[in-house]
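So the structure is just underneath, and the comments pick up after that.
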Amino acid sequence: MKNKKFWKWVKNELPEDENHESERTLVLNGVISQESWFDDEVSPRMFKKELNAGSGNITVWINSPGGDCVAAAQIYNMLTEYSGKVTVKIDGMAASAASVVSMAGDTVLMSPVSVFMIHNPITLSMGDHTEMQKAIDMLNEFKESMINAYEAKTGLSRAKISHLMDAETYMNANKAIELGFADGIIGQEPSNFAENTSAMMFSYRTAEKTLLNKIEARYNAGEIHEDKAETPKVSDTLKSSKPHDKTEKNEETEKEIHGHSVNAITEKLTFIKKFI
């Protein structure tokens, strides 16, 4: 076999009787095909043979940083064509090519601590500008094929998916579910997720503005030791372009707010903003 085998079938301990439907478990750990299986006839044929060696539903556990786009495409097709139900469970990471494989699941579940990532396909190339253009054209076509899988699962527009790929987007379970890349949390009922969970996008500007508003509200609410009319707002201090000028405004910033000078508060806020 040319490639290192990157998949493993796990024997299901459930008995096959009238009360238990036959199920199998497939584990995809690590890089999908250490070497390209573009010209490899053994690995794809072996994977397909093992996939079709049994029947019943399949659970696919994924923890992979990605790998070969061609391998991912073939595995995706084999799983989507499989006669039984395919449930994908992401317990670590489904990134790059592995994220394409995960789209083959009839149901895609993520661990609360797992990560989903999509980005543009990558290759290595050398040669003149003609060869470089060929590589660009090839990558564009690979990207379009990956978008096909994401679009079929999520229903998002191709433009939206393309922007997410351009940005190399990492998503936690909540965000992946919100955007349609996943359907739920492992071990949690869908109804409970809908009631108890919300997905949020972090915004630097919103966080900074909220912090400043809270500080102004607090120190403008009567906790100022000096006369309120003479004490500058924190935001006015932050906007000052010359904090060290010996101006009347600068003298005002030396006044105390709740036991601390405005300058001291400003310095602390500036430090905090670096980590927002």
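Data for the structure
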| item | result |
| --- | --- |
| Residue satisfying condition, being in contact with a Ser or Thr (Cβ under 6 Å, 6 or more places away or on another chain), under 20 Å from His119 (Cβ atoms), of a type in the set (A, V, I, L, M) and assigned by TED's automatic domain parsing to the domain that holds Thr59, within set Ala135, Ala149, Ala176 | Ala135 |
| Identity of the residue in the range 117-165, small (Gly, Ala, Ser) and over 30 Å from Ile177 (Cα atoms), that ends up farthest from the chain's Cα centre (by Cα) | Gly127 |
| Residues located in the range 97-117, provided they are within 19 Å of Ala167 (Cβ to Cβ), without any contact (Cβ under 8 Å) to a residue 60 or more places away in the chain and touching a helix residue (DSSP H, G or I) at 6+ places or on another chain (Cβ under 8 Å) | Val100, Met117 |
| Members of the range 160-212 found to be modelled with pLDDT under 95 and small (Gly, Ala, Ser), listed by number | Ala167, Gly187, Ser191, Ala194, Ser198, Ala199, Ser203, Ala207 |
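The values are calculated or read from the model by the stated rules, or taken from the named source; none is laboratory data. Small disclaimer: the values here were computed from a predicted structure and weren't measured. Using ideal geometry, Cβ is built from the backbone for each residue, glycine included, and neighbour counts are taken over all protein chains shown.
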